[in-house]
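The values are calculated or read from the model by the stated rules, or taken from the named source; none is laboratory data. Computed from a predicted model, the values in this text were never measured in an experiment. Ideal geometry is used to build each Cβ from the backbone, glycine not excepted, and the neighbour counts take in all protein chains shown.
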Amino acid sequence: MRNFYFRPVAALLATVAILPAFAADSKSFVVDGLSYTAVSDSTAMIIFDKSYEELTSVIVPQSINYDGKTYAVTQLDDDCFNRCEKIKTVTLPSTIAEMGKSAFSGCYALESVNLGDTRITEIPSACFSACRKLQSITIPATVTSIYRNPFVQNLELKSINVEEGNPSFKSIEGVLFSISGKTLQAYPCGKATTYVVPEGTDSIGTEAFNTDQVLASLTLAASVSFIGSSAFLYCDQMTSLVIPEESRLREIGMSAFSSCKKLTGHLALPETLTTISSNAFMKTSITGVTIQPGVTSIGTNAFSACVNLSKLEIKGETLTSIGDGAFADAGITELVIPNSVIKVGMTAFSGCKRMAKMTIGTGLGVIQLRVFDKCSALKEVVCLNPEPPVCQITDRYPLFPAAVFSSAVLKVPSGSVDAYKTADSWKNFTTIEADNSGIKTVGSADDPIRICSDGIMTDASYVEIHTISGQTVYKGDGGHIALYAKGIYVVRADGRTYKVAF
């Protein structure tokens, strides 16, 4: 898509002015103030021209005559009226079958356009974006494809209607849905302050509510399983998001709620959720979040710059990956990284300046650069891994700020104290103490580990066994595992950690 920047010109103050025909080349020409290019020997397409800047209305003819030939006007090119900020009305003929991307984007004054008189089958990306005065629009019965939400930034749009007989779309109380009602495609930006997504809706489409400046409270239907990318991006007035307890939500798309700066409260995500994508809640004002068992990954910058986010609770042992910058500059006061997490991206918790305590689970074997950069308030660091994690550091970016090494206590599994005292980065702590609070002692009938005469038996798919001093004695599949010396072992089975006395 081309981007256009305009300089004021003094001409064409009302409807399209009549200008002499001028041939730019053999197939591009101007007729009655509109620029065309020939698509075929009998059809033509309107193309962008800087002279459109002063237009207040556009009447597109069914046909034009040029150089002895008659052309039916069938198409509008990409960006053809992009940023024509004074156009108020557009009249299209029945011959129009195709409109390009961003054809009317940035027509700030546009109040009406008669799509119903055309035979278009598709409304492409950003076709009517930033038409700030448009209050309603009707999708013709011929349209079978709409790309994302072509009406973003239409701040006064209150209703998106659909002609009867359309086989692909319908309007429910002015909101655009797929004909089945399962996909909410586009919500008019100026509609209402509250909205309850109707039950039966399965997905919220990409950019569906993008840049809504009116909506303050949203209640999801329990049936919603997917929220698309940028679905609520820049919904500046949204303060409340209600997710039902019985929600079947599985995935929150990239930037879904990003920059909803007034969105507040504790976010209790449902147990069905598996994926929180990049930037999902970035720059919101949420005060807490509970991530239920089932979530396997948290995307890059998913909760970054959430300065009011003080409470983070990650339940269960299903989370394996936390993306780069996921909680950077958040207001977290205490952090527990589950044993199941095997990867934490760069700067994931950088700038969490209110964090006083953190617990690092057994699964994290490598700590990437700047993960805990600027976490200057730490007073207690608990690392449950019997083997000191490898730390990727530089002189400029140590594992923790220098003051933390002298003021905070590092707690590690008993028997691993000496290993941490000699390990790079960890040895910089002035105080290192033994602590086994994060390791469960085997004994319950529900435990997946059973002690036998020559070792252990387990149904776990993957097992790691360490001596109490931190030496690794086994890594591999579950089943019968022989132990050749009596003693106390730390066993990690399918993401959970146990203490075994053999």
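Quick notes
Let's see how each residue does on (1) hydrophobic (A, V, I, L, M, F, W, C); (2) touching a Leu at 6+ places or on another chain (Cβ under 7 Å); (3) closer than 19 Å to Gly361 by Cβ; (4) assigned to a loop (DSSP other than H, G, I, E, B):
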{"site": "Arg450", "(1), (2), (3), (4)": "no, no, no, no"}
{"site": "His466", "(1), (2), (3), (4)": "no, no, yes, no"}
{"site": "Lys475", "(1), (2), (3), (4)": "no, no, yes, no"}
{"site": "Val490", "(1), (2), (3), (4)": "yes, no, yes, no"}
{"site": "Val500", "(1), (2), (3), (4)": "yes, no, yes, no"}
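- Looking across Leu220, Leu241, one residue alone is under 17 Å from Ser285 (Cβ atoms) and modelled with pLDDT of 95 or more. It is Leu241.
- Among the criteria (1) acidic (Asp, Glu); (2) at pLDDT 95 or above; (3) more than 29 Å from Arg492 (Cα to Cα), the one Asp395 does not fulfil is (2).
- Scan region 61-90 for residues that are over 22 Å from Lys50 (Cβ atoms) and outside any loop (DSSP other than H, G, I, E, B) and the total you get is 7.
- Among the candidates Leu110, Leu134, Leu92, Leu155, residue that is at pLDDT below 95 and either more than 24 Å from Gly205 (Cα to Cα) or out of contact with any helix residue (DSSP H, G or I) (no Cβ under 6 Å at 6 or more places or on another chain) (or both): Leu155
- Looking across region 210-238, the residues that are among the hydroxyl-bearing types (Ser, Thr, Tyr) and over 18 Å from the mean Cα position of the chain (by Cα) come down to Ser217, Thr219, Ser223.
- Residue within region 314-323 that is more than 24 Å from the chain's Cα centre (by Cα), β-branched (Val, Ile, Thr), assigned to a strand (DSSP E or B) and crowded, with 21+ Cβ neighbours inside 10 Å present: no
- Of residues in region 361-379 being touching a Leu at 6+ places or on another chain (Cβ under 8 Å) and more than 17 Å from Ala330 (Cβ to Cβ), the one surrounded by the fewest Cβ atoms within 10 Å (Cβ to Cβ): Ile367
- Lys311 over 30 Å from Thr239 (Cα atoms), among the basic types (Lys, Arg) and without any contact (Cβ under 8 Å) to a residue 60 or more places away in the chain: no
- Within region 413-452, restricting attention to residues that are β-branched (Val, Ile, Thr), surrounded by 15 or more Cβ atoms within 10 Å (Cβ to Cβ) and modelled with pLDDT of 90 or more, the residue that is nearest to Phe502 (Cα to Cα) is Val417.
- Residue check for Thr458: crowded, with 17+ Cβ neighbours inside 10 Å and closer than 21 Å to Ala423 by Cβ: no
- Yes/no for Ser51 being outside any loop (DSSP other than H, G, I, E, B), buried (at least 17 other Cβ atoms within 10 Å of the Cβ), at pLDDT below 95 and not hydrophobic (A, V, I, L, M, F, W, C): yes
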